[in-house]
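Here the structure comes first, spelled out in structure tokens, and everything after it is commentary.
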Amino acid sequence: MNFCSHCGAPVRFAIPSDDDRPRYLCDNCGTIHYQNPRIVAGSLPILGDRVLLCRRAIVPREGCWTLPAGFMENGETTPEAAIRETREEACAEIELGGLYTMVDLPHINQVYMIYLARLRDDVAPAFSAGPESLEVRLFREEDIPWSELAFSTITKTLECYFRDRARLEREARDVQTLDLYSLHSDVIRRW
Ligand SMILES: [Zn+2]
């Protein structure tokens, strides 16, 4: 930040007198510009034994595979953001389950919140590539392009899901019941 978004004067980066970390300060109007982490909300859409992935048409990680996810907008809830991003990137309608992975990324000031979801296949077509996707596809576990995933948060979420699903299967429980999958929270400090 070079200029105050409130009055347009140049800002300086310094620790305010009653604070413990540097902020962008405007000496002209007195505004302290606080900057805080951003939330990326998304979904892991499931249909039977397959999961939905999108191949990114945009930087960063253009051409790599990801789950539908993006920055929350003001005025919406995280479930609403997850549903909206899934609609925008995969043109897909989902029924949300619970929050499944929450990953802190302190080095880039982001928090990922991914919800489990059931992909609705009673609408046709069930999915297609939105403007930010080159391609949208369903993958079985053995076909997941692990080396071409866009972000470590996505890898983490898919690893958790297939591990949990395998455990539920061993326990002879219904792997399609999203309520049986509980939240994983984690910190990734760099990738
Ligand atoms: Zn100002």
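Bear in mind these aren't lab numbers, they're just calculated from the coordinates by the rules spelled out. Everything numeric here is computed off the predicted structure, so don't read it as measured data. Methodologically, a virtual Cβ is constructed for each residue, glycine included, from the backbone with ideal geometry; neighbour enumeration extends over all protein chains shown.
Using the basic label-point model (7 angstrom from Cα toward the beta carbon), what is the His33 to Asp174 distance in nanometres?
Here the answer is 5.3 nm between the modelled labels.
GNM, the chain, Cα, under 10 Å: largest mean-square fluctuation among Ile15, Ile154, Ile58?
Ile15
Going by how many other beta carbons lie within 10 Å of each one, how would you line up Ile32, Ile188, Ile114, Ile39, fewest first?
Ile32, Ile39, Ile188, Ile114
Quick check on the chain: helices-only [θ] at 222 nm, where DSSP H runs of length 4 and up contribute -39,500 (n - 2.57) each and the sum goes over total residues. Nearest 500, please.
Result for the chain: -5500 deg cm²/dmol, rounded to the nearest 500.
Have a look at Gly30, Gly97, Gly42 and tell me which one the Gaussian network model of the chain (Cα, springs below 10 Å) gives the largest fluctuation.
So, out of Gly30, Gly97, Gly42, the one fluctuating most is Gly30.
Between the DSSP loop rule and a limit of at most 12 other Cβ atoms within 10 Å, which chymotrypsin sites (Phe, Trp or Tyr not before Pro) in segment 1-70 are left?
Tyr34
Run the Debye formula on the Cα coordinates of the chain, all scatterers equal and no solvent, and tell me log10 I(q)/I(0) at q = 0.16, 0.20 1/Å.
With one equal scatterer per Cα and no solvent, log10 I(q)/I(0) is -0.97, -1.37.
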